[in-house]
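Participant: The structure's right below; bear with me while I get my questions together.
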Amino acid sequence: MEQVIFWILAIGTVASSVAVIVPPMGRNPVHGALSLVVAFFFLAGLYVMLVAHLVAVLQVLIYAGAIVVLFLFVIMLLNIQSEDLGHPRPTISKLIGVIAVGFVSIVLIGFILKDKGMAEPPVGLPSDSTFGTVKTVGNLLYTSYIVPFELTSILLLVAVIGAVIMAKRRL
Amino acid sequence: MLDSQIEYIPVLIMLAICSAAIGGMLTLNFLLGPKRKNAIKNAPFESGEKQIHSPKRRFSVKFYLVGIFFIVFDIEAVFLFPWATLYRQWLRDPAFAWVAFGEMFLFLGILSLGLVYVWRRGALEWD
Amino acid sequence: MLELILLSVAKVMGIVMVFVMAVAALLTWIERKQSALIQNRVGPNRASVAGLRLGGIFHLAADAVKMLTKEDFDPETDNPLMFRLAPFLAVVPVMLLFAVIPFGPGEHFLISNVGVGALFILAVSSLGVYGSTIGAWASNNNFAMLGSIRTTAQMISYEVSMGLNLVGIFMIYESVNLQDIVIEQGSLIWGWLPAWGIVLQPLAFILFMTASIAETKRAPFDLPEGESEIVGYFVEFSSMRFGLLALSEFIGIVAVGATAAVLFLGGWQIPWVQGTGGWLTVAQVGAMILKTLFVVWLQMAIRWTLPRFRYDQLMRLGWQYLLPLSLLNIFITGVVLMFVEQGRI
């Protein structure tokens, strides 16, 4: 049962991620953005399979609901037409990209086949029923990881200031 | 599977039923409605005028700023949620109460600086 | 497993297809009738069955028939797929909101008791923006495009405050699960005051209602469809496709009603009545429905009382008033809770 659900989610994630950049969907930036939303949903499903409930819901809230909205916004604001992009033509960087992806895939497949990692999951489901819940994550985040948490606020502050400086005509 | 994971199955069922209901309504409409197409009917409705320029044009960069602020403050809210559920529990421990209070309001304080900066720069004004 | 699936299907049918759809359909008539009463008009009164008019209530059936028998034509567009997808993207998220709303005590009146309840509501409602945005973008129309940009900017501006307003509720009830929040609201403060969200978080309730009405794109926040200026993001949609976009708005009203009832008005709790079971459960489900309808009525009354904002006023309200006030509310809640836990109040 779990294996079946995992394979559905995994194949869905990979397929919708590929659809973001590969035609026919990837040819149009808006279609690409929607494929990305679908990919985030499958990812959220994978997080639920990992009993990471908070991460799963934040995946939808932040990525599918906020970041892709910004992507979509920027796509609409810039409005790059397919004429502007020109005909797809082979470039050096695309070739390097294909080689890199191929290399990484071969290495990963090699590791999986060597370890026979698919036959049995290394650890079972967590026996602790509070695992992955909002409170458990919070307990870790605000005690053990308090410094990275406070530094996040600095990061967000820099993001706000940077956005204003880039976008404002007169300062 | 754990009970907490099984709770998501009804959500999936609901997704399927709702999509099917909408699809059903649209199909029924397709079957019942007339189909008389012509070029003028299919032209974009612009109050009787011909379309002068394409709607696919560039918009003000201000909307982009709104999008960025949205993401930043949404992430801020996300960091508040786990803290909010634990806050009272921590307050009951006198040694930890001020830490629980201080860490979040330091975080919020730094982000409020961002809000003040944006405000003073006039990026929230829509003129 | 089969039992779970059948039970879920029954619950979804009962809650969404019967209760929510019935209320949303009634709202199409109530909206027009109430606006007519407020503006001293007669309102819809033509449709009749066997000579009975009943204040034109049959208009909702007449509307449904009309929507179904109109032509569903596509405008000239480069993206017919996106155009056809838009009604799904608009309606499915608002319907999914009801998955986590507890309509009564126990597990029988709740479709799915996911642990992250309220965050699920925020996450799903943040997806509501795609329907109108993508639909308008795909219709290849200048008015629709203006509506689309306005919708997106408005919805994301108010979504932030909506999330921040719930933080106070989470702080007080120490949970994000909606059923837990409702159970906590059953207790009494000082032995007589119900510990409802509206009592403990009055500022958050006002801010939440403001943000939610802006999220449902209704007056005074109906700039995305300001009919006297830009027609609306759905200008190219005809027949049932338009009907579904309009329906998504009415379902959104019911969803806001149910969410506000659960978070701020005590959900299915009847004040000063403890315990559940038997007829009391029936009464509690009735209380939840009444509270939902009350908030729905509140939104209707606001809709027909206030005039539309200007765009700069809308943005200023969202970013310069709601957002700082939401942060202030969290701060005040934090300070007050500190005194409460130290036993000084």
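Each value in this text was obtained by applying a stated rule to the coordinates, not by laboratory testing. Quantities reported herein were computed from a predicted structural model and do not represent experimental measurements. A quick note on method: Cβ atoms are made from the backbone with ideal geometry, for glycine too, and the neighbour counts reach across all protein chains shown.
Participant: Mind checking which lysines have their Cα closer than 16 Å to the Cα of residue B:41? Skip sequence neighbours fewer than 8 apart in that chain.
Facilitator: By straight Cα distance, residue B:41 reaches B:50, C:70.
Participant: Right, another one. Which pairs in the list B:35/B:56; B:37/B:62; C:33/C:217; C:33/C:291 are over 32 Å apart, alpha-carbon to alpha-carbon?
Facilitator: On the way: B:35/B:56 28 Å; B:37/B:62 40 Å; C:33/C:217 20 Å; C:33/C:291 21 Å.
Correct reply: B:37/B:62.
Participant: Assigning unit charges at the beta carbon (Lys, Arg +1; Asp, Glu -1) and nothing else, what dipole magnitude in debye, to the nearest 20, does the protein assembly as shown show about its Cα centre? Walk me through the intermediate numbers first.
Facilitator: On the way: 41 positive and 39 negative charges, 353 e Å.
Using only the charged Cβ atoms, the result is roughly 1700 debye.
Participant: Ignoring everything except DSSP H segments at least 4 long, calculate the 222 nm mean residue ellipticity for chain C; use -39,500 (n - 2.57) per segment, divide by total residues, nearest 500. The partial results should precede the final answer.
Facilitator: Numbers: 14 runs with 209 residues, N = 345.
The helix-only estimate for chain C comes to -20000 deg cm²/dmol at 222 nm.
Participant: On to the next question. Is segment C:78-341 rounded, prolate or oblate when judged by the Cα gyration tensor, a ≥ b ≥ c being the square roots of its eigenvalues, rounded requiring a/c under 1.5 and prolate requiring a/b larger than b/c?
Facilitator: On the way: a/c = 2.26, a/b = 1.61, b/c = 1.41.
In terms of gyration-tensor shape, prolate.
Participant: Choose one of C:143, C:335, C:45: the residue whose Cα lies farthest towards the positive end of the charge dipole of chain C (beta-carbon charges +1 Lys, Arg; -1 Asp, Glu; about the Cα centre).
Facilitator: Positive-most Cα among the choices belongs to C:45.
Participant: Okay, next question. Report the Cα centroid-to-centroid distance between segment C:193-211 and segment C:295-322 in angstrom, as an integer.
Facilitator: That distance is 17 Å.
Participant: Right, next: Build a GNM of chain C with springs between Cα atoms under 10 Å: which of C:165, C:329, C:45 gets the top mean-square fluctuation?
Facilitator: Taking springs between Cα atoms under 10 Å, the residue moving most is C:45.
Participant: Separate question: Classify chain B as rounded, prolate or oblate from the Cα gyration tensor: take a ≥ b ≥ c as the square roots of its eigenvalues, call it rounded if a/c is under 1.5, otherwise prolate when a/b beats b/c and oblate if not. Walk me through the intermediate numbers first.
Facilitator: Working: a/c = 5.79, a/b = 1.50, b/c = 3.87.
It comes out oblate by the Cα gyration axes.
Participant: Would you give the gap between the C-alpha center of segment A:1-65 and the C-alpha center of segment C:124-158, rounded to a whole Å?
Facilitator: Spelled out, the Cα-based centre of one part sits 22 Å from the other.
Participant: Here's something else I'd like to know. Take chain C, connect every pair of alpha-carbon atoms lying under 10 Å apart with a spring to form a Gaussian network, then pick out the residue of C:313, C:34, C:185 with the largest mean-square fluctuation.
Facilitator: C:313
Participant: Please say if the protein assembly as shown is rounded, prolate or oblate, where rounded means a/c under 1.5 for a ≥ b ≥ c the square roots of the C-alpha gyration tensor eigenvalues, and otherwise the choice is prolate for a/b larger than b/c and oblate otherwise?
Facilitator: Working: a/c = 1.31, a/b = 1.07, b/c = 1.23.
In terms of gyration-tensor shape, rounded.
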